[in-house]
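Q: A single structure is presented below for examination.
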Amino acid sequence: MGLQNGPRYQTKKSKPAHHQANGIKIEEHVDAKGKEQEEQEEVHEENGMEEDDDDEEWDAKSWDDVNLNVKGAFDDEEDSEPEHVVKKETKSSVPASRSADAKPTSQPMNSHDVENKKIQTEAEENLRSPICCIMGHVDTGKTKLLDCIRGTNVQEGEAGGITQQIGATYFPAENIRERTKELKADAKLNVPGLLVIDTPGHESFTNLRSRGSGLCDIAILVVDIMHGLEPQTIESLNLLRMRNTEFIVALNKVDRLYAWKAQRNAPIRKTLKQQSKDVQNEFDRRLMEVITQFKEQGLNTELYYKNKDMGETFNIVPTSAISGEGIPDLLLLLIQWSQKTMIEKLTFRNEVQCTVLEVKVIEGHGTTIDVVLVNGVLHEGDQIVVCGLQGPIVTTIRALLTPHPMKELRVKGTYLHHKEIKAAQGIKITGQGLEHAIAGTGLYVVGRDDDVEDVKESAMEDMKSVMSRIDKSGEGVYVQASTLGSLEALLEFLKSPAVSIPVSGIGIGPVHKKDVMKASVMLEKKKEYATILAFDVKVTPEARELSEELGVKIFIADIIYHLFDQFKAYIQNLKEEKKREAADEAVFPCVLEIIPECIFNKKDPIIMGVDVLEGILKVGTPLCVPQKDYIDLGRIASIEFNKKAVDYAKKGQKVAIKIVGTNAEEQQKMHGRHFDNDDQLVSHITRRSIDILKVNYRDDLSIEDWRLVVKLKTLFKIQ
């Protein structure tokens, strides 16, 4: 269960209840003097005596006093009653004339307050590291930002305690304090550090699950200052809303502003002050555009150091992944926002909460799984259950591995072995039978009192929703994805009414020969479905070779929409190809009336003018005269409209046609002897031609045309 932070996602503000960050309600005893002082402060603010000073340095310690106006974690939104909270005295809220005389309104702490304080202190001392992921549109600089966050000090040879973990990078609080010292960041950091998931993009957020909740506690939403909100940015926003996940906007690529003077790794306010007036104006203009775009999505945003309403307004941190500007601000904000609003969520628990990131084959270790341990402790020898494509996998942890710290890269042996590892960390696990483990699913530890069968059922819960989306008829495309989450996202997309593509089979991980064999079954049933839609996965050379040999199409893309576009183009090409192949046998329905004054040649080739009464007249259509014992005249060789050759004519058009007999009998037919001006000419349809129209030209005919087909079918007594 995540932090209930609903109001921040609503366009219409609702008044949230005020609670401490750990969800414990504060009991207030406001005396008359306290109320009077609060009223005077409000009057003072309304009279405009207190002014915002944008030039005043943002002090990280001020977070301890800021009124976040956020619901406590796990509070019930509907049932909780608003509580009146005593306004804390700050330098800015008390007039200078009164500050010297103002007497403290604090009261001796009663036993309840002492207990609350004790609980909060214990919680703060037992926090795990918040887990952060990076999201945003393609080419906004997600990967570069991640590299910058991860490697600023490493590149200079100062590891500073940063450790590259399996699938994640860990930043100890000391390292963050060092990198943010220019921000006066001597405020207390209660969490051990920050764990940043290495995989940028949606995969690390929506596709990785941890017992039904998002793997990430907080996200960085990267927005390119030059382009603003883009399609994938909005998609990311919707994912964040869906998971009710906190995020901070990194307004990236500020160094791309014309005439920007970079200051490596500087806090953003410091570097903004050094810029010319023109650069500052350009920055303000683009910032306002982004803020407006967020408003259009129903979200309030503001520069973090100007944000007076932290509970309702999302923070924007301008950054440059190239020069590192704004990165100190971003790191500090991530830590302080997490520990201020997520104490209950970040409180360490013994219950294991773990997610499989990737399945890899490592030389010397066999098949391994990379996991992120969100909570709890894993031990060597633990019996674990993970979700598998062929069913639950029950195995024992053979080894818990992490890489050597950066400073020990020359040490022989790639990994460090551990007897036990405590959350939150990225770990590589070795064990038997992990080949079919599914990335994006939960890892479960079988406890002493647990029934293995119950745990197996829990582990396979994630697969149920996926299997329910497979077409029961057995007809459809084969879908392959990197993780369970990305597979679910793709299946959901294919099932949507606008797309509606059936799925006959699924796979997770790289495309192998066996996947091509499964997809090839469709060659017999429905050729267009003999395809593999590979979402964000690699294709092995053997699989590629076999697909070309069998005629199975493989489409690869890392964006769902691109995959759909490729498949749609392929289907369209197939349709056109089938139409070309069936063109000779396809007969479109038409009824023609002879124009008496336009008989240019009475015998083969018969050339005359006709009026199209119904249907579509096409080159190649066989014509027949029903009134004269259904005599066949031949096929239309050409059509002219306004003295120009055309391929077809529609209802209401008057055209000249040339009819050529296809056999000796048809070539003997003559206007005036075998048929005359009063006879109507119709297209000679058959059962075969109707079936071809249905399969290949269904969309080319209107409802009226299909009604004519039915009429002609009756005329020719076709069953």
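Laboratory data are not the source of any read-out in this text; all were calculated from the coordinates shown. A quick note: this is a predicted structure, and the numbers were derived from the prediction, not measured. Note that each Cβ is placed from the backbone with ideal geometry, even for glycine, and that neighbours are counted across all protein chains shown.
Q: Rounded to the nearest 0.05, what FRET efficiency do Arg687 and Asn573 give with R0 = 35 Å and r taken as the Cβ-Cβ distance? Could you check?
A: Working: r = 28 Å, r/R0 = 0.81.
The formula returns an efficiency of 0.80 here.
Q: Lys and Arg at +1, Asp and Glu at -1: add these up for the other residues within a Cβ distance under 12 Å of Glu289 and post the number.
A: Residues near Glu289 contribute -1 overall.
Q: What ranking of Ile636, Ile631 emerges when the number of other C-beta atoms within 10 Å of each C-beta is taken as an exposure proxy, fewest first?
A: So the residues, fewest neighbours to most, are Ile631, Ile636.
Q: Moving on to the next point. How much length, in nm to one decimal, is gained on full extension between Glu420 and Gln653, taken as 0.36 nm per residue of separation minus their Cα-Cα distance?
A: 75.5 nm
Q: Over all distinct alpha-carbon pairs, what is the Kirkwood Rh of segment 491-539 in angstrom?
A: Computed over Cα pairs of segment 491-539, the Kirkwood hydrodynamic radius comes out at 11.7 Å.
Q: Ok, one more. Sorted by mean Cβ packing within 10 Å, highest first, what order do the peptides 344-350, 142-148 take?
A: The peptides rank, most packed first, as 142-148, 344-350.
Q: How do 426-432, 304-310, 444-450 rank on mean C-beta neighbours within 10 Å, highest first?
A: 426-432, 304-310, 444-450
Q: Separate question: In nm, what is the difference between 0.36 nm times the number of residues separating Glu457 and Ala262 and their Cα-Cα distance?
A: 64.7 nm
Q: May I pose another question? Spin-label point model (7 Å from Cα, Cβ direction): what's the Lys644 to Lys277 distance in nm?
A: Each label point is offset 7 Å from its Cα along the Cβ direction, giving 6.2 nm.
Q: Could you tell me which GluC sites (Glu not before Pro) in segment 347-387 are loop residues by DSSP with no more than 16 other beta carbons within 10 angstrom of their beta carbon?
A: Those that pass, being in a loop and sparsely packed, are Glu351, Glu363, Glu380.
Q: Between Ala582 and Leu613, what FRET efficiency follows from the Cβ-Cβ distance if R0 is 41 Å, with the result rounded to 0.05? Before the final figure, lay out each step's value.
A: Working: r = 26 Å, r/R0 = 0.63.
It comes to 0.95.
Q: Quick one: Arg177, Arg128, fewest Cβ neighbours within 10 Å first, how do they rank?
A: The fewest-first ordering by Cβ neighbours comes to Arg177, Arg128.
Q: What full-extension length gain, to one decimal in nm, is calculated for Asn300 and Gln383 as 0.36 nm per residue of separation minus the Cα-Cα distance?
A: Full-extension gain reported as 25.2 nm.
Q: Can I ask one more? Quick one: what are the phi-derived ³J(HN,Hα) couplings along segment 544-560, Karplus 6.51/-1.76/1.60 with θ = phi - 60°, whole Hz, x for glycine and proline?
A: Working through the residues one at a time gives 4, 4, 5, 5, 5, 5, 8, x, 8, 8, 10, 10, 10, 7, 9, 10, 3 Hz.
Q: Efficiency by 1/(1 + (r/R0)^6): what FRET value for Lys713 and Arg544, r their Cβ-Cβ distance, R0 = 41 Å, to the nearest 0.05?
A: Working: r = 47 Å, r/R0 = 1.15.
The value I calculate is 0.30.
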